[in-house]
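Take a look at the structure below.
The values are calculated or read from the model by the stated rules, or taken from the named source; none is laboratory data. The structure presented is a predicted model; accordingly, all values stated were derived computationally and were not measured. Cβ placement follows ideal geometry from the backbone for every residue including glycine, while neighbour counts extend to all protein chains displayed. The protein model used for the area step is the full one, side chains on, heavy atoms only, and it has no ligands, DNA or RNA in it. Shrake-Rupley method; radii C 1.70, N 1.55, O 1.52, S 1.80 Å.
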Amino acid sequence: MLIENEYRTCYCGNITDKHIGKKVRVSGWIENVRDHGGVTFLDLRDHYGLVQIVINDFGMIRGIPKESTISVSGEVVARGEENINEKLKTGFVEIKANNIRVLGKVVSAMPFEITTSVDTKEELRLKYRFLDLRNKKLHDNIVMRSEILRFLRNKMHDLGFTEVQTPILSASSPEGARDYLIPSRKHKGKFYALPQAPQIFKQLLMTSGFDKYYQIAPCFRDEDARADRSPGEFYQLDFEMSFATQEDVMHVAQEVLYDTFIKFSDKKISQKPFKRIAYKESMLKYGTDKPDLRNPLEIIDVTDIFKDSDFIAFKGKTVRAIKVPGCNDKPRRFFDDMIKFANDIGMKGLGYIKVSEEVKYSGPIDKFIPEDKKIQLYKLANLEPGSALFFISDEKEKAAKFAGQIRTKLAEKLDIIDKNKFEFCFIVDFPMFGIDEETGKIQFTHNPFSMPQGGMDSLINKDPLEILAYQYDIVCNGIELSSGAVRNHDPEIMIKAFEIAGYTEQDIICKFSALYNAFKFGAPPHAGMAPGVDRMIMLITGEENIREIIAFPMNSNAQDVMLGSPSEVSEQQLRDVHIKIRN
């Protein structure tokens, strides 16, 4: 809704042929000025778009730099046929200016051109983020973010969820990342913590009798930046449901994500229901629990074929293979590059064999593979002439990880990933426990508050490393969008699960007292998850860096170079919160 005032009666981007012959007043930023000898054309931009201004008296804009804000009054006229710009919403009209009023003049040299700011060095962009955000591409990303957030809220409301805001000042909790700590002024030596997620609060809400909760929740974790992870803070669509099963949560997540991506992207979206892949299968076939299903290559386990092999590279190792069709015509450099990549990621080498049209084999390790094993490989891998088979061998965990990286690199080099679609899947049946590589002790592998499959019976009677949990992730194009779980709401099962991981009941009371107490007063079965909003928007907009869809992000070194944060504070401020800086 436009409120007409002394600055404008119309938005720049909304001037159309319906306004022809009308007097209007618009305000915005000068994007470009073109002098055509006696007639000057000026592009005026506001939040809603751009309109062309025609000026017959250059004196009206003399001395006004680009990116200054002005108000222009004039009559809307049709453009000459040769001047129509069909790429612009306003490209069929222009405004003949009769008055220009300067509102905010640029008095310093611009650090970069607004129209090309996204190509500028990032540190400079972030220092002048208020200018960078004027760039149409970045500006549109933030507008898109707003539209997506509104859609998500409306969708959750339509599904019967209640929006509840949970505290930002919270208690420190061992949730897998470093906390951001805030010293207390009133309670000397004690600290608040910013919540890594609303995990405990949303479970308490279920215990409080709320049936379905959600919020667009800020989460704070002191983690290093990545292309798909912003240091410091991020947002997630956090939701939880009472008296709910894993199926219920997955149904809601699937509907919300599918509808959101369908509305805001023109790419092909996975049809519902999304594919479900067990964690164990995912690690075998894709070498990761975040598989990119746009990549058609799959990993196969050939360990049994080589269990009695004398070949030193395979002997006693887990051996994985990746079949690559139509690979024989690739030049030698292709294979050399793959070997170099394997060495760069920590592999000792990368073996391969090629199959010719006559079903003959060649390659660096061909002579080490007996004919009977080649026959077995041919059948197991469904080899055909013209294909190649790449081998990865190491300890079991490393072999899976390396195979996943080789699979991804092969697909990138072969350019076989379809970038015009979104492939979703659920990863399910995560192991409840694993072995800590440093201590050799059993530890939780995921959310410690997850319900073990089989309940107390599995905790008592099964090998801990064989126990699966009701834990699930949503993955899209190789990016983890969400983690979730059916929660452990039974105090006895919780105590036993923590006992297996080396914690006592007193540890639970000390670290998670609120949940422990709440669950003794009739907690309902409940489950939920929390899709990452920033990553969703990053995927929809096609950006490769998450900072491109955040209005005021930190840099990769967790600094706000625009505001100068983190910054030093005065000695008095430190005294107020009982803090002394140590050298």
Ordering Tyr258, Tyr128, Tyr472 by the accessible surface of their heavy atoms, 1.4 Å probe, largest first, yields Tyr128, Tyr258, Tyr472
Within the under-12-Å Cβ sphere about Asp248, not counting Asp248, Lys/Arg +1 and Asp/Glu -1 give a net charge of -3
Tell me which residues come under 5 Å, amide H to amide H, from Val319 once H is placed; ignore anything under 5 positions away on its chain.
Val302, Thr303
Treating only Lys and Arg (+1) and Asp and Glu (-1) as charged, each at its beta carbon, one finds that the stretch 323-391 has a dipole about its Cα centre, in Debye to the nearest 20, of 160 debye
Residue by residue through the stretch 312-317, which ³J(HN,Hα) values in whole Hz follow from phi under the Karplus form 6.51 cos²θ - 1.76 cosθ + 1.60 (θ = phi - 60°), with glycine and proline marked x?
4, 6, 10, 4, x, 10
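Are there trypsin sites (Lys or Arg not before Pro) in the stretch 415-482 that DSSP marks as loop and that have at most 16 other Cβ atoms within 10 Å, and which are they?
Lys419, Lys441, Lys462
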By what distance, in whole Å, do the Cα atoms of the stretch 1-124 stretch along each of the three principal axes, largest value first?
46, 38, 29
Dmax and Rg, reported as Rg then Dmax, of the stretch 466-565 (C-alpha, Å):
19.4, 51
Taking every C-alpha to C-alpha distance in the stretch 191-307 and binning by 10 Å from 0, the per-bin percentages run 10, 25, 36, 20, 7, 1
Please compute, over every Cα-Cα pair in the stretch 348-499, the percentage with a separation greater than 28 angstrom.
46 percent
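Remind me, what semi-axes does the stretch 333-401 give for its equivalent ellipsoid, largest first in whole Å, using sqrt of 5 times each Cα gyration tensor eigenvalue?
Working through the eigenvalues yields semi-axes of 22, 15, 10 Å.
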Checking the cross-link filter: which lysines have an alpha carbon closer than 20 Å to that of Lys272, excluding same-chain neighbours under 8 positions apart?
Lys155, Lys263, Lys290, Lys419, Lys421
J(HN,Hα) series, the stretch 276-289, from Karplus relation 6.51 cos²θ - 1.76 cosθ + 1.60, nearest Hz, glycine and proline x
10, 10, 5, 3, 4, 5, 4, 5, 6, 7, 10, x, 6, 9
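If you take every residue apart from Gly74 with its C-beta less than 13 Å away from the C-beta of Gly74, what net charge results, scoring Lys and Arg +1 and Asp and Glu -1?
Working: positive: Arg8, Lys22, Lys23, Arg25, Lys96, Arg101; negative: Asp57, Glu75, Glu94.
After counting each charged neighbour, the total is +3.
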What aspartates and glutamates could a cross-link reach from Lys202, if we take a straight Cα to Cα line under 14 Å and drop same-chain neighbours fewer than 8 places away?
Glu163, Asp211, Asp238, Glu240
Before anything else, pin down the relative contact order of the stretch 433-583: Cα pairs under 8 Å, at least 6 apart, normalised by residue count, whole percent.
17 percent
Using a cut-off of 12 Å between alpha-carbon atoms, which aspartates and glutamates can reach Lys317, once sequence neighbours fewer than 8 places away in the same chain are excluded?
Asp301, Asp304, Asp308, Asp394, Glu395, Glu397
Considering Cα pairs under 8 angstrom that are at least six residues apart, work out the relative contact order of the stretch 270-333 and quote it in whole percent.
24 percent
Could you please state, rounded to a whole Å, how far the C-alpha centre of the stretch 98-158 is from the C-alpha centre of the stretch 385-400?
47 Å
Hey, how much of the P(r) for the stretch 281-368 falls beyond 16 Å, as a percent of Cα pairs?
64 percent
Considering only protein heavy atoms and a probe of 1.4 Å, how much of the accessible area of the chain is carbon and sulfur, as a whole percent?
50 percent
Can you tell me the accessible area per residue over the chain, all protein chains present, probe 1.4 angstrom, in square angstrom?
52 Å²
Do the sum for the chain: with -39,500 (n - 2.57) for every DSSP H run of n ≥ 4, divided by all residues, what is the mean residue ellipticity at 222 nm, to the nearest 500 deg cm²/dmol?
-8000 deg cm²/dmol
What is the chain's relative contact order, in percent, from Cα pairs under 8 angstrom and six or more apart in sequence?
14 percent
